[in-house]
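First up is the structure itself, then whatever we jot down about it.
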Amino acid sequence: MKDAKTKEVHKEIAIEIKKHKESHRMEHDVFYQALEEVLYSIVPLIISDEKYTIHSVVKRLTVPDRIIKFKVEWFDDQQNVHVNNGYRVQFNNTLGPYKGGLRFHPSVNEGILKFLGFEQILKNALTGLPIGGAKGGSDFDPKGKSDFEVMKFCTSFMKELHKYIGPTMDVPAGDIGVGGREIGYLFGEYKKITSKFDGVLTGKPNFFGGSLMRPQATGYGVVYFTEKMLEIEGKESLEGKVCTVSGAGNVALYTIEKLIELGAIPVSCSDSKGTIYDSRGVDLELLKDLKFNRRKSLVDYITTHPEAQYIPVSKYPKGGHAVWNFECHAAFPCATQNELTEVDAKNLVKNACISVSEGANMPSTPEAIAYFLKSDICFAPAKAANAGGVAVSNFEMSQNAAMQKWSFEKVDRKLKGTMQYICTNVSETAKEYGVEGNYVDGANIAGFKRVADAMIAEGI
Ligand code: NDP
Ligand code: 2IT
């Protein structure tokens, strides 16, 4: 039973969400989804201390500081002119400079970037590091473009973006469609325009200021978090266990790499066209060559391994995804938002899965999360489980500011320590606020509290 105070706070939150919905368009649905999850789960925190209501932190933290939108004009290899939208959502810099990735994907719009920017504030707060929250990107599609076209686009994008970023102001990084190649071109252009060798982007290639291990950081971090969560919850470790992974990009492939290193058996991966299932364990070297070097579709995997299964999207179960329909001990959604539905959640539970860790941002739908929380599954939400990428981005900022280079071992040790710290903090926060074992509420409360307390301290 909800008490009167809880009901009252629920009512106030519903009014706030309604106001947001009335003032925006359909494309903002994913932002409302992120907002609803967080705001309802922080109710125990809001009612624990009236300062949160007095200082209107919910209202203040759910509106971005600013949204920058700009035009990006570029030439393709045939000298045709193209125009794309560029964005940077600078959401909140209470804890440190705005920090978060850039996404290049045709689906990118303001709503998606607001959802990602909002999640990023809390994720970055959970790391305990001095970084605020932001996200940006473009509806540019890097797929099928030549290196030269990607370079042309990146330089045009930076011609506008450079006005709004800086090592203590806003430090972008990669996300979907933006990896070392794109960050390299973006950094090169920033340097030409400003004549400054600043630590203004993270995920740079190592030979000009990139941190060792940044490419691996998100995927390795997800696995470190999962190991710690299974230990806390008294479950069997990943060693020797079958795991399913979705996606076939940066996060997915380094999740697979760390799973293999720990003696687990990752048997799947997926891209936007289909899913690979290889019961002996996926061939990581082939996947890296296909995806990182040749930028090919996963269907090519079966040319080398005809004994593996390729399931095209058209053959997916109704309302679900093939990748979540296999028996596994642990699942790792690492592709994109809302890629794991209620149908998928039911299939995972039915197939004896004991833990789900989100490598992608908001990959599980609200219905899937609700199903996991009422089943016995250990569920690691994105903002806690995938914070390893941004944590190592912060380490890159430190190295750049100090003009130093850390070893792979040092970064890896600090990453592991950070993921274990986040996991323990999330678990203890859940316990403290009466929702033991619920890592969704634990992460939302712990992250929100850190930013809200700082916002109150800095005043308006
Ligand atoms: P990549 O661009 O390297 O890879 C993305 C992968 O997801 C590709 O396999 C892609 O397939 C697939 N994918 C993208 N969109 C869709 C879609 N609509 N349906 C099905 N599959 C899709 O991106 P990352 O690995 O960097 O990012 C993956 C997720 O992890 C994202 O949610 C991102 O926000 C999150 N993340 C990334 C971090 C990082 O450091 N890079 C840090 C924390 C979170 P295809 O190639 O066919 O499009
Ligand atoms: O979602 C994320 O955390 C990222 N894309 C990485 C952000 C960063 O600044 O490294």
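The values are calculated or read from the model by the stated rules, or taken from the named source; none is laboratory data. Since we're looking at a predicted model, the values are computed, not measured. FYI the Cβ positions are ideal-geometry reconstructions off the backbone, even for glycines, and counts take in every protein chain you see.
Details
- Residue in the range 147-167 that is within 15 Å of ligand 1 (Cβ to nearest atom), in contact with a helix residue (DSSP H, G or I) (Cβ under 9 Å, 6 or more places away or on another chain) and not hydrophobic (A, V, I, L, M, F, W, C) present: no
- Hey, Ile422 surrounded by 18 or more Cβ atoms within 10 Å (Cβ to Cβ) and within 16 Å of ligand 1 (Cβ to nearest atom) or not: yes
- Residue list for the range 191-225, restricted to those being within 16 Å of ligand 2 (Cβ to nearest atom), modelled with pLDDT under 95 and in a helix (DSSP H, G or I): none
- Scan the range 362-409 for residues that are over 15 Å from Gly221 (Cβ atoms) and either assigned to a loop (DSSP other than H, G, I, E, B) or within 16 Å of ligand 1 (Cβ to nearest atom) (or both) and the total you get is 15.
- Selection within the range 188-247: residues that are aromatic (Phe, Trp, Tyr) and out of contact with any strand residue (DSSP E or B) (no Cβ under 9 Å at 6 or more places or on another chain). The member of this set that is farthest from ligand 1 (Cβ to nearest atom) is Phe197.
- For Gly437: the one exception among (1) surrounded by fewer than 24 Cβ atoms within 10 Å (Cβ to Cβ); (2) in a loop (DSSP other than H, G, I, E, B); (3) within 14 Å of ligand 2 (Cβ to nearest atom); (4) small (Gly, Ala, Ser): (3)
- Taken over the range 130-150, residues that are closer than 20 Å to Gly249 by Cβ and assigned to a helix (DSSP H, G or I) amount to 3.
- For Gln78, the test of being assigned to a loop (DSSP other than H, G, I, E, B) and either without any contact (Cβ under 8 Å) to a residue 12 or more places away in the chain or in contact with a strand residue (DSSP E or B) (Cβ under 9 Å, 6 or more places away or on another chain) (or both) is passed.
- Residue in the range 226-242 that is within 16 Å of ligand 2 (Cβ to nearest atom), in contact (Cβ under 8 Å) with a residue 24 or more places away in the chain, of a type outside the set (A, V, I, L, M) and assigned to a helix (DSSP H, G or I) present: no
- Residue in the range 121-132 that is touching a residue at least 40 places away in the same chain (Cβ under 8 Å), more than 21 Å from Phe395 (Cα to Cα) and surrounded by 24 or more Cβ atoms within 10 Å (Cβ to Cβ) present: no
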